[in-house]
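Only one structure is covered here, and it is reproduced in the block below.
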Amino acid sequence: MADTSVPSVGETPFPPAHEGVPSLRLRNVSKSFGAVRALTDVDFEVYPGEVVGLVGDNGAGKSTLIKVIAGVGPADSGEIFVDGQPVRLSSPQVAAGLGIETVYQDLALCDNLDVVSNLFLGREDRSFLRTLDENLMEYRTLEVLRTLDVKLPSARTVVSSLSGGQRQSIAVAKCILRKAKVVLLDEPTAALGVAQTKQVLALIRRLREQGLAVVVISHNLADVFEVVDRVVVLRLGRRVASFDIKNTTPERIIASITGAEFGSLLTAEESNGNGLQGGK
Amino acid sequence: MSEIQQKKTTAVVDQSAVAAVERPEYVRRRTIGELLRGDLGFLPVLATLILVVLYFEFTTNGLFLTSRNLSFLAQQMAETGVIGLGSILVLLLGEIDLSVAAVAQLCAVVMAVCSERLGLPAIVAIPVALVAGALVGLLNGILVAVVRVPSFIVTLAGSIAYSGLLLFLMFGQTTLIVRNDFIVAIAGSPVSFLPDYLGVGLPAVAVILYAIGLLYNYTRRRRLGLRTQSLSRIVVQIVIVAILVGAAITAFESYNGVPYSTAILFGLILLFWLILTKTSFGRHIYAAGGNVEATRRAGINVVGIRIAVFTLCSTLAALAGVIQASRNTAVYSAINPTLLLDAIGAAVIGGVSLFGGRGSAWAIVLGVLIILSLENGLTLQSQGTDIQQMVEGAVLVIAVVADALIRRAQARSGSGR
């Protein structure tokens, strides 16, 4: 179970901080849609206090893998472990019950409600005669937002008037309130401006500081390099590489995303520098 | 409970949570237009009402603002108001119920048939009517929420079917006189008024409870270290409410007192205001009206909420039918043609969005007052139905246009509710 060596191309040893039991571990997970094999024997693992970037071209199987982990589209075969215990992620409720929360690109916020109502939607604190305990909820909201270092005009601001970065923070805070252990972020910086992207990246670092296991799916390698500890690359439904971010370059990651010959790509694209896009 | 206890003790240490997160300097200075679309949205509506009232007061040589006319207006308010309250619930979901007027009439007929033809006591006939309304609403709700038929089709078709059913129940009669004393006493007799001690006492108790609630909330927020309104602002708020309630009660008491039907209307508004703002159920109605997908993902049973709301709406319509039958001391086979749009229009004029998720139970008060003041005032001016209908239609269109414009402005600026 503590066997953490996953042999694949370009593999570098894990940093010592991540020895131990992974928060979430997938082994030999496969999934097919009819004749199409979306995932083939994929291994995946994320440790507490680690941010893993999941990258790959379109159709590489990122979304399918996320759906497997979120319980939306269960795997056909393979084993899944949460904190070392074998589990079956058969539905989103089961996944949430095990502490796996997903923030989708659309954030799933009610624009007409305020921050407090959104954070506690479906899990309201109640008091006297089962009425809403607004003050306790507001208090807990402020506590959670403080740990994430989020700044707002007020906890009673209507969500529609917040910026994109603040909205992302609210969606993440929702996961924290539900005592998530593993947080999946689907394209958290897509459609955000420069300042807002910085805000969200800071938010991800704060999640790591709190010892959560974070999985970031992103097309933007610049963002990936700024915040993740490790990058897992999928290509055509297989895990082709896992890079320690300290010992790699965007060029090497792109090479394994596209499956290009390593040397030829490096010479062809070297001049493009750090901001390469990992796929279209 | 223990969690709350724990919070109380930690609150002393954690005063900084508020300061760390809430940054008042992040609040943009809002333009007057934004304010009028947001918190002060009731002001244009109130101004319209005052204009309407003043106009009729002058053109009818002071007939409009007599206690007698106001008392009559209040009794008219009850039916439209109670139906409108149900419509608000449905509108908050972003749906619409076009069958409310037919359901009201149908249930009134059911009650009249039970009490007059079958000779059942009112204590049975009225609940039968309410249950009939609930069943109709349940059917509407299931068709909308489970079968996923658009609500306007379900309820439009329903309203035709229900008006057929009520003709069937009337056996071809056009009028069925209601003689049952208890039913008539609800709104149709000279004694249908609360005794003075209740007419003054109940609103007074409500205002006192409201004041206690605000002050308790203030102390609790202070204890948890949350930002509070200043105490003087809370006092001003209480005083304004007390003055409004006091003025209304004085107006009623100077004539016959508070009509039962008005007491029922305001009791229901209070009840649904509490349900909408203080319970999870109410919160989930707003959520489902704002973003159905997010609400579903939060683990909320959206189908159940839709069914419950349609059931409540039709039950309220049934109650309105009972009140109407009592006031007319008869039920008719013809459905009041303006009742449906009066009720939905009143909700929209009061500020409930046709697009869902925005509005308050109190919206119905101003909305119904504007619509009925127009009707009442034009009648006092001896204008014919032709003018009345044109004016009312124009007012409804203006209200809906305002709603659409507000929504578009919000989508553009991304602000406010």
If I filter segment A:146-161 down to residues being in a helix (DSSP H, G or I) and within 7 Å of chain B (Cβ to nearest Cβ), which single residue comes out as nearest to the chain's Cα centre (by Cα)? A:ARG146
Filtering segment B:49-69 for residues that are over 21 Å from B:VAL391 (Cα atoms) and in contact with a helix residue (DSSP H, G or I) (Cβ under 8 Å, 6 or more places away or on another chain) leaves a count of 1
Could you grab me the full set of residues in segment B:60-75 that are assigned to a helix (DSSP H, G or I) and either outside the structural domain of B:GLY377 (by TED's automatic domain parsing) or surrounded by 15 or more Cβ atoms within 10 Å (Cβ to Cβ) (or both)? B:ASN69, B:LEU70, B:SER71, B:PHE72, B:LEU73, B:ALA74, B:GLN75
Meets criteria (under 25 Å from B:ALA185 (Cβ atoms), in contact with a strand residue (DSSP E or B) (Cβ under 8 Å, 6 or more places away or on another chain) and assigned to a helix (DSSP H, G or I)) for B:ALA320: no
How many residues does segment A:65-104 contain that are within 17 Å of A:ILE217 (Cβ to Cβ) and out of contact with any Gly (no Cβ under 7 Å at 6 or more places or on another chain)? 13
Among helices (runs of 4 or more DSSP H) entirely within segment B:227-313, at least 3 residues that are within 11 Å of another protein chain (Cβ to nearest Cβ) occur in B:260-278, B:280-290, B:292-297
Can you tell me how many residues within segment A:187-214 are part of a helix (DSSP H, G or I) and under 15 Å from A:TYR104 (Cβ atoms)? 1
Evaluate segment B:215-224: report whether one residue or more is of a type in the set (Ser, Thr, Tyr) and loosely packed, with under 15 Cβ neighbours inside 10 Å. yes
Determine if segment B:348-361 includes at least one residue that is at pLDDT below 95, assigned to a helix (DSSP H, G or I) and aliphatic (A, V, I, L, M). yes
Given the options A:ALA171, A:ALA180, name the one that is away from every other protein chain (no Cβ under 14 Å), of a type outside the set (Val, Ile, Thr), out of contact with any Lys or Arg (no Cβ under 7 Å at 6 or more places or on another chain) and over 18 Å from A:GLY53 (Cβ atoms). A:ALA180
Which numbered condition A:TYR104 misses (of (1) within 12 Å of another protein chain (Cβ to nearest Cβ); (2) in contact (Cβ under 8 Å) with a residue 40 or more places away in the chain; (3) in contact with a strand residue (DSSP E or B) (Cβ under 8 Å, 6 or more places away or on another chain); (4) buried (at least 20 other Cβ atoms within 10 Å of the Cβ)): (4)
Restricting attention to segment B:266-274, does a residue exist that is of a type in the set (A, V, I, L, M) and crowded, with 23+ Cβ neighbours inside 10 Å? no
Answer residue from segment B:160-188, given it is more than 30 Å from B:ALA263 (Cα to Cα) and aromatic (Phe, Trp, Tyr) and is modelled with the highest pLDDT among those: B:PHE168
Using the structure shown, decide if A:LEU132 is in contact with a Ser or Thr (Cβ under 7 Å, 6 or more places away or on another chain), surrounded by fewer than 23 Cβ atoms within 10 Å (Cβ to Cβ) and within 8 Å of chain B (Cβ to nearest Cβ). yes
Which numbered condition trips up B:ALA294, out of (1) closer than 30 Å to A:VAL94 by Cα; (2) within 18 Å of the chain's Cα centre (by Cα); (3) crowded, with 20+ Cβ neighbours inside 10 Å; (4) not acidic (Asp, Glu)? (2)
With the checklist (1) modelled with pLDDT of 90 or more; (2) over 21 Å from B:VAL365 (Cβ atoms) in hand, flag the one item B:GLY267 doesn't pass. (2)
For segment B:394-412, indicate whether the set of residues that are within 14 Å of chain A (Cβ to nearest Cβ), surrounded by fewer than 19 Cβ atoms within 10 Å (Cβ to Cβ), in a helix (DSSP H, G or I) and not basic (Lys, Arg) is non-empty. yes
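The values are calculated or read from the model by the stated rules, or taken from the named source; none is laboratory data. What you are looking at is a predicted structure, and each value in this text was computed from that prediction instead of being measured. When we count neighbours, we look across all protein chains shown, and the Cβ atoms used for this are built from the backbone with ideal geometry, even at glycine.
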